[in-house]
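Note sheet for the following structure.
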Amino acid sequence: MIFLPFEAKKLTEKTSINLVNQIKFEDIVTSLSPHPIATSYVFQGKKNPPILLLHGFDSSLLEFRRLLPIISQFHVTWAIDLLGFGFTKRSTNLLFSPENIKTHLYYTWKTLIKEPVILVGASMGGATAIDFSLTYPEIVSKLVLIDSAGLASPPKIGKFMFPPLDYLSTAFLRNLKVRQKISESAYYDKSFANKDAQLCAALHLNCDKWSQALISFTKSGGYGSFKEKIVNLQQKTTIIWGENDKILGTKDANKFKKLIPNSQLIWIPKCGHVPHLEKAELTANAILN
């Protein structure tokens with residue numbers, strides 16, 4: 001490990017420990033900066049076609065610690081930390097916007113994978129996946145959305161993100177009690193919001209410029225609604241949704257099903273916002289089938 005060794009050593013769940021120990025970094029050359037961006041990723045498996053996993057807001061590839069080992073038995077599986085998130089290096093010269101996230105993801109794909117992928121996006125990662133699939137349809141062979149963002153208008157908070165309110169907001173999100181409450185609300189079974197889960201969700205907070213990147217992303221407006229564009233998705237799409245999602249609710253699942261031309265909706269019973277963590281085997285089966 002080349003990052004946060006002390007905190008990472010406190011992990012207790014086998015899947016968490018295994019994934020942390022497999023994280024690698026690649027210097028990705030992009031059109032965004034004259035300097036390469038050190039990008040964190042994990043990959044496992046040997047069989048094609050490849051699957052690419054995209055995490056949610058203020059998260060990292062560690063949220064796939066239970067899902068990745070299952071699906072990598074059947075596919076080459078990649079998990080990448082998006083620009084401005086996870087353990088990917090943050091530069092003060094970059095705007096951390098959806099457009100730049102998409103550009104960085106393209107160059108990361110071009111450097112590491114170089115062939116069409118089955119793209120899986122969870123929560124905010126679902127919005128990233130939709131945006132990427134619409135822009136680069138030749139790269140995405142199939143699409144999987146897990147309790148996905150992408151139909152709601154962006155929050156108005158961005159216009160209030162000026163000093164000191166911006167840093168007060170990120171300080172609020174850094175508070176471990178606040179993060180624990182968010183974690184508990186993400187699960188149907190609250191026992192999943194344990195110490196290991198809390199540590200996995202907080203490891204990246206100590207990365208350099210975490211606050212600045214989060215502020216920059218919020219000021220950019222974040223991801224809005226793809227309602228008008230989503231009808232143009234060409235890929236066969238599987239929508240996976242926890243029946244008890246208290247973060248995004250459940251109405252958008254049926255809206256996605258209605259709007260995306262070639263799609264199916266799979267409900268995960270007794271499950272909250274993160275089926276890939278709470279019901280990893282059921283989620284893996286939904287993806288693999």
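Here are some notes:
- Taking the Cα centre of region 5-288 as origin and assigning +1 to Lys and Arg Cβ atoms and -1 to Asp and Glu Cβ atoms, the resulting dipole is close to 240 debye.
- Here the scattering of the chain is modelled by Debye summation over its C-alpha atoms, one equal scatterer each and no solvent; at q = 0.11, 0.12, 0.13 Å⁻¹ the log10 of I(q)/I(0) is -0.59, -0.71, -0.86.
- Rounded Å value of the spacing that divides the Cα centres of region 174-205 and region 73-127: 23
- Only lysines eight or more places from Lys47 in sequence, or on another chain, were considered; those with a Cα closer than 23 Å are Lys24, Lys110, Lys114, Lys142, Lys236.
- Under 25 Å from the Cα of Lys181 - lysines, other chains or at least 8 residues apart: Lys9, Lys10, Lys14, Lys156, Lys190, Lys195, Lys209, Lys219, Lys246, Lys251, Lys270, Lys279
- Proximal aspartates and glutamates to Lys46, defined as alpha-carbon separation beneath 19 angstrom and excluding residues fewer than eight positions away on the same chain: Glu115
- Rg/Rg_ref, region 140-289, where Rg_ref = 2.2 N^0.38 Å and atoms are Cα: 1.15
We did not get these values from a lab; they are worked out from the coordinates using the rules stated. Here the structure is a predicted model, which is why all the values come from computation and not from measurement. For neighbour counting, all protein chains shown are included, and Cβ atoms are generated from backbone atoms with ideal geometry for every residue, glycine included.
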